[in-house]
Amino acid sequence: MEVKKDQIGDLIIEGKTKKVFKLKSGTNLVYILSKDRITAGDGVKSHEMQGKAKLSTQTNCAVFEFLNAAGLKTHFVSRIKQGCDAHDTAFIARDCAMIPIEWVTRRVATGSYLKRHPNVKEGYRFAPPKLETFYKDDANHDPFWSIETLIEAEMNCGGLKITKSHVEEMLAVTKLVFEVLERVWSTLNHSLIDMKIEFGVIDVNGKKEIVIGDVVDNDSWRLWPNGDKRLMLDKQIYRNMDNAKIDEAAIKEVKSKFELVAERTQALFGSMIPKARDHSLPPPPPEVGIIMGSKTDMDHANKIKNTLANEYGVNDVEVRVCSAHKSTQYTLETVAGLMQWPSCQVIIACAGRSNGLGPVAACNTTVPVINNPPVSDISQLNADLWSSLRLPSNVGCTTVLGAENAALAAAHIIANLSPFTWARIRAKQCYTDVAMRYANDN
C-alpha cells in the first residue's frame, strides 16, 4: 500500500517499541511504525538497537501475511509500498481497540513458567500446548490472570463486552496461531517453544469482531533451532544479559539473531503462500490427480479442483479422462504417469456404476486413492456406492460422497507435508467451532 507522509495523521498511542498513527484517509486504518529499541523487564532494561525497526517489520509482515492467507482474522492490511517513507519500518493495519491481555502459548516449560511452578522441570513438554493469560500492567509486572478472572472482569473494549464465548474464541485462536507457526518453523527444524499474541476489537459494517492484533516478531516468541536452548535466536538472549555489561558488542550479538530470524521468516513463510500461476510457463508437477471415467463428469472434477484451490490452497491438480473398463491400458499409463511425479500425494477417482477406476488405481500406486462417485441421480446412489465400497481383498481405497468432501479428504493428505494447507484446514475448523459457541449465546 502506498502511503505518503502527508497522509499520516495524529499519534494515537506510543509504546516501548512502536508508535501508532491514524491515517487521514477517513478509513479505519492506522500506520504502525516500529522503533530501533529493544526492551525487557517491563521496560526496566532498554537499549537502542540500530536497524531493529526494519527487522521487526520484516518478521511481522511475513507472519501476518501468512496468517491472513491461511484464513485467520487479523488487523494486518499490508506492507508499505517500497519507495514510500519508512516503507521498511512500518505497516498498515485496521484500527483496533486493544484488549489489555497477553495470550501466551507454551509448548515447553521454561522461563517465567518455572518460577511460578518450581516443581516442574525445564523442558517438560505440554501436549496440548499450555495456554495462559496475563493482564497488561507494567507497574505490576503483567500479573497472571486465570480464565475465570478474565471472564468475570467483563471488560468493555471498543464497545464490545467481553463474554465467556469471546474468551473461548481468543483461547482457541491463540492455540491455533501457535500450532500454525510451530508447524511452519518445524520445516527448518526450529522449535517454537512459546509465544505471545494480543487481540483487538474492530468494527465491520457495524458489527464488532475480534482479530489478532499488535505485532508478532522476534520479541514475541522463543525459537530454538534443533530444539536446543543454547542456539536460541529470540530476545531471551538479551533478557539473559547483565544490564551493566551490555555494550555495543552485546547489542551487535543480539541484532545478529534478529537478522537471522527476519531473513528466515521472510523466506520461509513467504515461500509457503501459493502464488498466482504464470500461464506462460509449463504447468507445475501435480499434488493431486483427478481421474474420471467419462468426460461427462468434467463439471464434477472441476468442482473438486476449484474447492482444492479456493479453500485449501492446493493449485497443482491434474485432471485426466480414462476408463478402467473401456481403456484399461490407457488407465494404467495415466496412473503410472501421475506416479512419476514425487509431488503427487493423492488420486481422486470419479466413477460410478461399476467403479473399476479407483480400485485399479489403488492396486497400481502407493498413494491414497479416494473413490468419489459423481452421483447425479439419487435413486442410483446405492448401486453406485456399493461398487466403490465392496472391493476385493488387498485393495485399499476409501470412498467419499460429494465433490467438496472429496477435496477436503485430499487436502487432509496434502496437509501432512504442506503447513499452509494444514493451516487452512485448521482455521476453518477453529472458526466453525467458534461460530457454534456464539450460536448458543442467542
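The values are calculated or read from the model by the stated rules, or taken from the named source; none is laboratory data. Keep in mind the model is a prediction, meaning the values are calculated, not measured. Glycine gets a Cβ as well: all are built from the backbone with ideal geometry, and neighbour counts include every protein chain shown. Calculation scope for accessible area: heavy atoms of the full protein, side chains included, ligands and nucleic acids excluded. Shrake-Rupley method; radii C 1.70, N 1.55, O 1.52, S 1.80 Å.
For region 196-205, indicate whether the set of residues that are under 30 Å from residue 150 (Cα atoms), out of contact with any Phe, Trp or Tyr (no Cβ under 8 Å at 6 or more places or on another chain), among the acidic types (Asp, Glu) and not in a helix (DSSP H, G or I) is non-empty. Looking through region 196-205, at least one residue is under 30 Å from residue 150 (Cα atoms), out of contact with any Phe, Trp or Tyr (no Cβ under 8 Å at 6 or more places or on another chain), among the acidic types (Asp, Glu) and not in a helix (DSSP H, G or I).
When we screen 71, 9, 15 for residues that are in contact with a helix residue (DSSP H, G or I) (Cβ under 8 Å, 6 or more places away or on another chain) and either under 29 Å from residue 179 (Cα atoms) or not polar (S, T, N, Q) (or both), the only hit is 71.
The rows are residues; the columns are (1) touching a strand residue (DSSP E or B) at 6+ places or on another chain (Cβ under 7 Å); (2) aliphatic (A, V, I, L, M); (3) exposed (fewer than 14 other Cβ atoms within 10 Å of the Cβ).
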| site | (1), (2), (3) |
| --- | --- |
| 328 | no, no, yes |
| 334 | yes, no, no |
| 342 | no, no, yes |
| 348 | yes, yes, no |
| 359 | no, no, no |
| 368 | yes, no, no |
| 388 | yes, no, no |
| 394 | no, no, yes |
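Looking only at region 308-323, residues that are surrounded by fewer than 20 Cβ atoms within 10 Å (Cβ to Cβ) and under 21 Å from residue 72 (Cα atoms) come to 4 in all.
Scanning region 269-298 for residues that are touching a helix residue (DSSP H, G or I) at 6+ places or on another chain (Cβ under 9 Å) and not in a strand (DSSP E or B) gives 269, 270, 272, 273, 274, 286, 287, 293. Only residues that are within 34 Å of the chain's Cα centre (by Cα) and either part of a helix (DSSP H, G or I) or more than 16 Å from residue 370 (Cα to Cα) (or both) were counted across region 316-335, and they come to 2. Residues in region 164-190 that are open to solvent by 50 Å² or more (accessible area, probe 1.4 Å), out of contact with any Phe, Trp or Tyr (no Cβ under 7 Å at 6 or more places or on another chain) and farther than 18 Å from residue 432 by Cβ: 164, 186, 187, 188, 189. In region 247-279, the residue that is surrounded by the fewest Cβ atoms within 10 Å (Cβ to Cβ) out of those that are touching a residue at least 24 places away in the same chain (Cβ under 8 Å) and basic (Lys, Arg) is 277.
The residue of region 77-101 that is farthest from residue 153 (Cα to Cα), among those that are in contact with a helix residue (DSSP H, G or I) (Cβ under 6 Å, 6 or more places away or on another chain) and touching a residue at least 40 places away in the same chain (Cβ under 8 Å), is 85. Residue 214 fails exactly one of the following numbered conditions: (1) at pLDDT 95 or above; (2) open to solvent by less than 50 Å² (accessible area, probe 1.4 Å); (3) under 19 Å from the mean Cα position of the chain (by Cα). What is the number of that condition? The number of the failed condition is (1).
Only residues that are open to solvent by 40 Å² or more (accessible area, probe 1.4 Å), touching a strand residue (DSSP E or B) at 6+ places or on another chain (Cβ under 8 Å) and closer than 30 Å to residue 66 by Cβ were counted in region 288-307, giving 2. For region 11-19, the count of residues that are under 19 Å from residue 81 (Cα atoms) and hydroxyl-bearing (Ser, Thr, Tyr) is zero. The set of residues in region 223-246 that are under 25 Å from the mean Cα position of the chain (by Cα) and either within 29 Å of residue 158 (Cβ to Cβ) or open to solvent by less than 30 Å² (accessible area, probe 1.4 Å) (or both) comprises 223, 224, 225, 232, 233, 234, 235, 236.
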